[in-house]
Amino acid sequence: MTGTRAFLCGIALTAFTSACGGSGGGSTTGGVPSTDPTPGPACEQFDSTFAAIQKVVFENKGCTQDVCHGSARSGGLDLRQGAAYANLLEVASTSSKNPRIQPGEPSESFLFQKLSAATRPGSYAIAGSPMPSGLPPLSDNELEAIRLWIEAGAPETGSVGNAETGTSDGIGNLLDACLPPANPITIEPLKPPA
């Protein structure tokens, strides 16, 4: 094996083993989200940012278990696939004056507050328990991915990313997921008055 080839294989092996470390969303340094490791060839493919959040956060963190936000619909919230989005976006919370998700406003979204309270204790005063309750909190990277998604308007389809470059690597790296390229939002201008 040539020196260059061995070096590249070593890098690929390091990236693969780091991505499979089980931390659920990369590493952190001093509470600051890190975009390393870059998702490698083994990262799970998703067709949208929300689909990645559904699987990596809601399903893998136990939020969709029957006794939580599965069939029991704790707090009136169903986070199972196919129901989660309609139960989140601009839906009133039973325990807060804030909606579950206020698009563009993570700090005014009760979901983000509940998740933050577990990951970063003391960050928000909330009613009830921080989430996920009785389970390990989200990693800083997973929480940052949720924040960025809400800040970008919490779209159900498409990928949140850099509108100028079309990359969705930021959130993809935070969730250790492969996402399709982000497309810029286009707004049709209003027609002139008749």
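Quick notes on this structure:
- Subset of region 104-123 [surrounded by fewer than 18 Cβ atoms within 10 Å (Cβ to Cβ) and either touching a helix residue (DSSP H, G or I) at 6+ places or on another chain (Cβ under 8 Å) or of a type in the set (Phe, Trp, Tyr) (or both)]: 104, 105, 107, 120, 123
Yes/no matrix, rows are residues, columns are (1) over 20 Å from residue 89 (Cβ atoms); (2) of a type in the set (Ser, Thr, Tyr):
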residue: 107; (1), (2): no, yes
residue: 115; (1), (2): no, no
residue: 151; (1), (2): no, no
residue: 162; (1), (2): yes, no
residue: 169; (1), (2): yes, no
residue: 173; (1), (2): yes, no
residue: 188; (1), (2): yes, no
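- Of the residues 176, 169, the single one that is modelled with pLDDT under 90, under 16 Å from residue 46 (Cβ atoms) and of a type in the set (Asp, Glu) is 169.
- Total residues in region 85-99, condition over 18 Å from the mean Cα position of the chain (by Cα) and in a loop (DSSP other than H, G, I, E, B): 7
- Set 62, 82: member being open to solvent by 30 Å² or more (accessible area, probe 1.4 Å), within 30 Å of residue 180 (Cα to Cα), at pLDDT below 90 and in a loop (DSSP other than H, G, I, E, B): 82
- Residue match in region 144-152 (condition: over 21 Å from residue 46 (Cβ atoms), open to solvent by 20 Å² or more (accessible area, probe 1.4 Å) and either free of Cβ contacts under 8 Å to residues at least 40 places away in the same chain or aromatic (Phe, Trp, Tyr) (or both)): no
- Residue within region 153-175 that is more than 21 Å from residue 85 (Cβ to Cβ), part of a loop (DSSP other than H, G, I, E, B), open to solvent by 40 Å² or more (accessible area, probe 1.4 Å) and not polar (S, T, N, Q) present: yes
- Among the residues here, residue 132 does not qualify as over 21 Å from residue 93 (Cβ atoms), touching a Lys or Arg at 6+ places or on another chain (Cβ under 9 Å) and not polar (S, T, N, Q).
- Any chance residue 181 is surrounded by 13 or more Cβ atoms within 10 Å (Cβ to Cβ), at negative phi, at pLDDT below 90 and assigned to a loop (DSSP other than H, G, I, E, B): yes
The values are calculated or read from the model by the stated rules, or taken from the named source; none is laboratory data. The structure presented is a predicted model; accordingly, all values stated were derived computationally and were not measured. Here Cβ is always computed from backbone atoms with ideal geometry, including for glycine, and neighbour counts include all displayed protein chains. Side chains are part of the model used for accessible areas, which takes the heavy atoms of the whole protein and leaves out ligands, DNA and RNA. Shrake-Rupley method; radii C 1.70, N 1.55, O 1.52, S 1.80 Å.
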